[in-house]
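The values are calculated or read from the model by the stated rules, or taken from the named source; none is laboratory data. The shown structure was predicted, so the numbers you read here are calculated from the model rather than taken from an experiment. Cβ: placed from backbone, ideal geometry, glycine included. Neighbour counts: every protein chain shown. Ligands, DNA and RNA are stripped out before the accessible areas are found, and what is left, the full protein with its side chains, is counted by its heavy atoms. Shrake-Rupley method; radii C 1.70, N 1.55, O 1.52, S 1.80 Å.
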Amino acid sequence: MRLLDELDSIKKLHEMNLQELRELAKEIRELILSTVAENGGHLAPSLGTVELTLALYSVFDFETDKLIWDVGHQAYTHKILTGRKDLFHTLRKRGGLAGFPKISESKYDAFGVGHASTSISAALGILIASELKKKNNRVVAVIGDGALTGGEAFEGLNHAGQLKKNLIVIVNDNEMSIDKNVGALSEYLSQIRLAPQYRKAKRDFEELVKKIPIAGLSDKILTAAKSVRVGLKSAIVQGAMFEVLGFTYLGPVDGHDIKAMQEIFTRVKEEMTEPVIIHVRTTKGKGYKPAEESPERFHGVGKFDKFTGEIIKKSAPKTYTEIFSKAIVDCAKEDEKIVAITAAMPGGTGLKFFAEKFPERFFDVGIAEEHAMTLAAGMAAGGLHPVVALYSTFAQRSYDQILHDICLQNLPVTICLDRAGIVGEDGATHHGVFDFSYLRHIPNINILAPKDENELRQMIFTATIKKFPTVIRYPRGAGLGVKIIDNPENLSWGKAEIISKVSGEADATIFAIGSMVEVAKNTADILKNMKIYVNVVNARFVKPLDENVIYGLSRDSKLIVTCEENVIAGGFGSAIVEFLADVNITKPILRFGISDNFVEHASRSELLKDCGLTAENIAEKIYNRVVKMN
């Protein structure tokens with residue numbers, strides 16, 4: 001029988017010997033590999049932290065101690081060990097286990113995560129709460145070297161060091177986030193090496209001084225020595241930056257050597273009373289050769305053949321990301337002012353092609369979305385036209401920079417938001433369903449969403465010649481397969497496209513934006529068979545709205561319908577309603593979008609159906625309303 005089958009309590013990990021833990025690591029790695037091959041998920045990060053997780057659980061008591069993961073890409077072993085191994089086959093499936101730690105899923109998920117650089121702040125908060133409640137548990141945060149580039153991580157480090165709390169921070173250094181890590185911090189971590197000579201010298205010096213017989217003199221000497229300690233350590237060990245922030249630095253230690261980690265974790269648990277950073281070096285994709293050789297390809301992956309490592313792809317049109325990738329390069333060939341910026345995601349956003357073609361005009365800032373936006377603002381103020389490519393969900397982190405640094409100064413920055421709308425199995429932390437709402441009220445901003453991949457190309461060409469802030473948002477995955485025009489014409493700014501128009505008064509007019517335009521067209525076809533005749537409009541712009549088209553068609557329609565893959569509150573439909581109220585058009589209105597709930601994980605098609613964003617559901621609601629009105 002497998003050790004994993006016998007593991008019915010995490011306390012049993014304390015009883016296992018080293019050989020048993022190593023065997024358990026193999027079994028867990030196989031379970032992760034088999035499950036992710038079938039379900040998709042974050043394979044390489046979780047394969048890299050199997051031994052680290054086992055070492056943590058074999059030393060600490062996470063019945064009372066707390067473990068906080070950063071981002072959560074690497075937490076599959078954690079889920080398996082904490083009573084969820086029999087449900088692990090449901091990972092990322094509808095009604096199954098979430099792909100990230102989630103408070104409502106398990107008591108061992110001490111904090112819900114999904115975005116980077118939050119673990120240290122959250123762990124410090126949990127530790128403070130524990131102390132105020134007179135509890136004596138240890139709190140451990142595990143943060144990757146990629147997430148450590150985020151500003152919030154350093155805010156947390158700075159505060160924890162100031163408070164001198166008994167916080168344990170483990171830096172999981174695999175030299176990767178989603179793509180290869182960049183920046184000075186990454187280079188700094190790569191240079192750090194274990195330096196026992198420093199710690200031995202420090203220990204010998206303290207023991208010698210304490211033997212001085214003159215009362216009080218030894219304490220004065222030790223106090224004075226602290227003022228030169230950082231300088232001494234800088235000369236011997238390159239981990240002094242963490243010491244300056246108030247942390248004791250230990251490491252690096254081999255993150256696949258369970259015994260070595262057990263020893264250092266035990267010492268820290270028993271001896272340390274102030275903040276400590278343990279630097280652990282791991283291999284992303286450990287134990288699975290294809291993932292070790294191409295960790296970025298297996299960071300977040302769909303179904304694949306676990307024996308060959310080949311990704312299982314269905315025949316499909318080019319993705320929106322691919323269209324963006326080529327379009328921005330084509331624009332840059334014509335305009336040398338165009339530069340591209342991303343936050344640790346050149347592959348995911350499609351900017352790798354740009355980086356190859358124009359390396360001197362490409363900037364990967366690491367996991368630092370706020371910096372990316374203000375950097376872009378500075379470049380624009382200096383006469384360039386920056387294009388910032390992010391996932392919609394991550395752009396939320398840079399709201400103030402978009403408002404204050406870009407829009408307040410009305411600077412020519414184009415922000416391209418990939419993965420907008422429902423993204424599927426990654427769940428609530430990754431759905432890009434809020435951007436219309438948190439952006440459209442900002443003065444000077446312009447917001448566009450294409451109905452298909454060819455219109456995306458047109459929008460990119462049009463936006464990059466404008467002298468003001470523009471946001472283009474587009475969905476994850478394949479386009480509709482429409483013909484791509486190599487030499488697109490510039491779009492008429494702020495003008496909608498009337499897809500279909502009935503003669504005379506329409507039963508309804510559907511104003512749709514982005515991915516919902518195709519759904520609206522299908523809705524109109526269904527309604528036509530039901531003797532309900534509707535106009536369909538591709539709004540193209542959330543801001544500025546095409547007020548002339550909206551006014552004219554609304555006036556000549558019995559019912560007004562809005563469709564968007566965004567939350568209803570404050571979104572595209574709200575903009576239509578506000579305009580109609582301002583021009584005193586009072587008509588019945590139906591708004592379709594995401595309701596006031598966080599959308600969980602499932603396939604994109606399942607979630608769109610759950611949210612009522614299918615042509616069948618929309619047609620039924622319109623039909624019932626029109627019949628009732630008549």
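Here's the picture: charge each Lys and Arg Cβ at +1 and each Asp and Glu Cβ at -1 in the range 127-176, and of 149, 137, 170 the one pushed furthest to the positive end of that dipole is 137.
Peptides 453-465, 543-555 ranked from most to least packed, by the mean per-residue count of other Cβ atoms within 10 Å: 453-465, 543-555. Along the axis of the charge dipole computed for the chain (Cβ charges of +1 for Lys and Arg, -1 for Asp and Glu, origin at the Cα centre), the listed residues 265, 530, 595 are led at the positive end by 265.
Computed from Cα atoms, the angle from the helix 18-39 axis to the main principal axis of the chain rounds to 10 degrees. From most to least packed by mean Cβ count within 10 Å, the peptides 33-39, 605-611 give 33-39, 605-611.
Quick one: with all protein chains in place, what share of the accessible area of the range 248-379 is carbon or sulfur, to the nearest percent (1.4 Å probe)? Answer for the range 248-379 is 49 percent, counting heavy atoms of protein chains only.
Checking the a/c ratio against 1.5 first, then a/b against b/c, what shape does the Cα gyration tensor give for the range 462-528? Since a/c reaches 1.5 and a/b is larger than b/c, the shape of the range 462-528 is classed as prolate.
Can you give me the C-alpha center-to-center distance between the range 460-474 and the range 70-136, rounded to a whole angstrom? Using only Cα atoms, the two centres lie 39 Å from each other. Packing-based ranking of 254-262, 104-112 yields 254-262, 104-112, ordered from highest to lowest mean Cβ neighbour count within 10 Å. Selection among 342, 255, 439 by position relative to the dipole of the chain gives 255 as farthest towards the positive end (Cβ unit charges, Cα centre). Shape call for the range 281-402 from the C-alpha gyration tensor, a ≥ b ≥ c root eigenvalues: rounded (a/c under 1.5), prolate (a/b greater than b/c) or oblate? The shape class here is prolate.
When volume of the Cα convex hull per residue in Å³ is computed from the coordinates, the matching label among [x] 147; [y] 292; [z] 186 is [z].
Accessible area per residue for the chain, computed on protein heavy atoms with a 1.4 Å probe, is 42 Å².
Using just the C-alpha positions of the range 438-558 as equal point scatterers, what log10 of I(q)/I(0) does the Debye formula give at each q in 0.18 1/Å? Normalising to I(0) and taking log10 leaves -0.98.
Normalised by the number of residues in the range 251-333, the average gap of Cα pairs under 8 Å and 6 or more apart makes the relative contact order 19 percent. Kirkwood's formula applied to the C-alpha pairs of the range 488-630 gives a hydrodynamic radius of 15.3 angstrom. Relative to the longest principal axis of the Cα atoms of the chain, the long axis of helix 369-381 lies at roughly 60 degrees.
Basic side chains Lys and Arg get +1 at the Cβ, acidic Asp and Glu get -1 at the Cβ, and with that the dipole of the range 1-79 about its Cα centre reaches some 180 debye. Taking the helices alone, the chain has a mean residue ellipticity at 222 nm of -12000 deg cm²/dmol, built from -39,500 (n - 2.57) per DSSP H run of at least 4 residues and averaged over all its residues.
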